[in-house]
Amino acid sequence: MPRIERSATVAWEGTVARGQGAITADSGAFSALPYTLASRIGDPDGKTSPEELLAAATAGCFTTSVGSELARDGSPPERLEVHCKIVMDEVAGEGHQIVGAELIVGVEGAALSDATLERAEQGCPFTTLLRKAGASVTVHRA
């Protein structure tokens, strides 16, 4: 597999506490997704956050990994759905940290074994990154 590089740009105006930002994918896939500190730590109010984008990226990566493992097992799914919740919490002496990721996997048209889920988790660069950073990663079936 070739080296993969992706990028995004954030523009922020004002103070962190009262300002606002917009996240744009350099690919053009999304543009000017709004976020604020208030929407990041409280009610999202229709805005995104870095944590939500990490959840989306992790779910996307894990979906690809599960699909690849099922195909390798000779049982490609008709449909996959992965929900990811990223958990950020206060860590004593370290401030707020990403401490966990919870993934819920739904599969239609294929049998999903524990071994396949384990291989998928080991093969997903995002779950690997989170685990290496000290976050817990849990995977459940829908």
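The set of residues from the range 107-138 being without any contact (Cβ under 8 Å) to a residue 40 or more places away in the chain, under 22 Å from Arg72 (Cα atoms) and under 16 Å from the mean Cα position of the chain (by Cα) comprises Gln122, Thr128. Residues in the range 45-58 that are exposed (fewer than 15 other Cβ atoms within 10 Å of the Cβ) and part of a loop (DSSP other than H, G, I, E, B): Asp45, Gly46. Condition first: under 28 Å from Val139 (Cα atoms), modelled with pLDDT under 95, outside any loop (DSSP other than H, G, I, E, B) and of a type outside the set (Phe, Trp, Tyr). Can you find one or more residues in the range 24-39 that meet it? Checked against the condition, which is being under 28 Å from Val139 (Cα atoms), modelled with pLDDT under 95, outside any loop (DSSP other than H, G, I, E, B) and of a type outside the set (Phe, Trp, Tyr), the range 24-39 yields at least one hit.
Checking the range 126-137 against the condition returns a match, with at least one residue being hydroxyl-bearing (Ser, Thr, Tyr), at pLDDT 95 or above and not in a helix (DSSP H, G or I). The selection criterion, being in contact (Cβ under 8 Å) with a residue 24 or more places away in the chain and among the acidic types (Asp, Glu), holds for Asp73.
Within the range 87-113, the residues that satisfy the criterion of being under 17 Å from Val139 (Cβ atoms) and assigned to a loop (DSSP other than H, G, I, E, B) are Ala110, Ala111, Leu112, Ser113. If you go through the range 98-137 and pick out every residue that is within 15 Å of Cys61 (Cα to Cα) and touching a strand residue (DSSP E or B) at 6+ places or on another chain (Cβ under 7 Å), you end up with 12.
So which of Cys61, Cys84 ends up being under 30 Å from Leu112 (Cα atoms) and either part of a strand (DSSP E or B) or not assigned by TED's automatic domain parsing to the domain that holds Leu117 (or both)? Before you say what the answer is, go through the steps one by one.
Working: Cys61 fails: either part of a strand (DSSP E or B) or not assigned by TED's automatic domain parsing to the domain that holds Leu117 (or both).
So the residue among Cys61, Cys84 that is under 30 Å from Leu112 (Cα atoms) and either part of a strand (DSSP E or B) or not assigned by TED's automatic domain parsing to the domain that holds Leu117 (or both) is Cys84.
A single entry from Gly93, Gly67, Gly60 fulfils the requirement of being farther than 24 Å from Met1 by Cβ and at pLDDT 95 or above: Gly93.
The values are calculated or read from the model by the stated rules, or taken from the named source; none is laboratory data. Predicted, not measured: the structure shown is a model, and the values here were computed from it. With ideal geometry, Cβ positions are generated from the backbone for all residues, glycine too; neighbour counts draw on all protein chains shown.
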